[in-house]
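First up is the structure itself, then whatever we jot down about it.
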Amino acid sequence: GMSAVITGCVPVIIMDNTTEIFEEVLPYSKFSVRVPEADIPRLHEILEAIDEPTFQRLQAELRCVAKYFLWTSVEGRIGDNDGQ
């Protein structure tokens, strides 16, 4: 969920033909791993193949966008953006 994103867990997206929230403006390929449904049997292998520098880069990019996944209904804004 979004709490995982906020705490720095790199998202692994396993859904074919889907668009993620804010995908039209957020560079998901820079902070997540997308795995085709057909590759689920190889998921462990795919994830283990991600080297440490790549993983650190994904986490660094994730830190840059994590605030956009926060929605504060009381304040009516997303992260630091009040929509104005």
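The values are calculated or read from the model by the stated rules, or taken from the named source; none is laboratory data. All values reported here derive from a predicted model rather than from experimental measurement. Please note: Cβ atoms are built from the backbone with ideal geometry, for glycine as well, and neighbour counts cover all protein chains shown. To get the accessible areas, we keep the full protein, side chains included, count just its heavy atoms, and leave off ligands, DNA and RNA. Shrake-Rupley method; radii C 1.70, N 1.55, O 1.52, S 1.80 Å.
Just grab the label-to-label distance for ALA38 and THR7, each label 7 Å out from Cα along the Cβ direction, in nm (one decimal).
Going by the 7 Å Cα→Cβ label model, 3.5 nm.
Amide H to amide H under 5 Å from ILE13: which residues, 5+ apart in sequence or cross-chain, H placed 1.01 Å off N in plane?
Hits under the 5 Å cutoff: VAL33, ARG34, VAL35.
If you count only protein heavy atoms with a 1.4 Å probe, what accessible area per residue comes out for the range 9-65, rounded to a whole Å²?
It amounts to 69 Å² per residue over the range 9-65.
At what distance in nm do the modelled label points of LEU70 and THR19 sit from each other, each positioned 7 Å from its Cα along Cα→Cβ?
2.7
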